[in-house]
Structure formats: C-alpha cells, structure tokens
Amino acid sequence: MRLRHTAKPSRPLGWLCNTLYYAGAGIVVAALFLVVDLGQISAETRGFYLFGLLVLPCDVGLWPLILWRWLALERERAAGRVEE
C-alpha cells in the first residue's frame, strides 16, 4: 500500500483572516471597556465620551494588554486591595 503525500492547502489570505479576527476581538473588548469600566479607571473620564472615541483605535490595537490589565484590576478588587 502506497501512502499519498497530502500537502496542507495553502491559504493565501490567511493573514487577512487573522487580522480581521484580531480586529474583531479588539472591537468587542474596546467597546466593553469603554461602556463598562472606563469611568471607573479615572474620575476625569466620566461623562466625557469624546475621550472614549479618541482612545478607541488604541484600545482595538492593544486589546490583549487592556484585557490583561482589566482582569488583573478585577482580581485586585475582588481581593479588596483596590479602593472603589
């Protein structure tokens, strides 16, 4: 019995799909962050929605860092180490 060599199909637009997935996840995390927690991070940003629009592109691009810091802050809040 002869084994066939099956090559992995190439995806020439794989990088585009990955970029769209990354941007989609960034949009979701940024929207949640701006709606739920931005006013709790800094008192000066409460009610200033233009600031949210200004930082939205950075939030989309840096969503892994924002999500990591947001989860760390929530853990500290749950442990009682951060004042509300």
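Between A25 and R81, the simple label model (points 7 Å from Cα in the Cβ direction) yields a spacing of 2.5 nm. Cα convex hull, the range 15-79: 80 Å³ per residue, rounded to a whole number.
Computed from the coordinates by the stated procedures, all read-outs in this text should not be read as laboratory data. Keep in mind it's a predicted model, so treat the numbers as computed, not measured. So basically every Cβ, Gly included, is an ideal-geometry build from the backbone, and we count neighbours across all protein chains shown.
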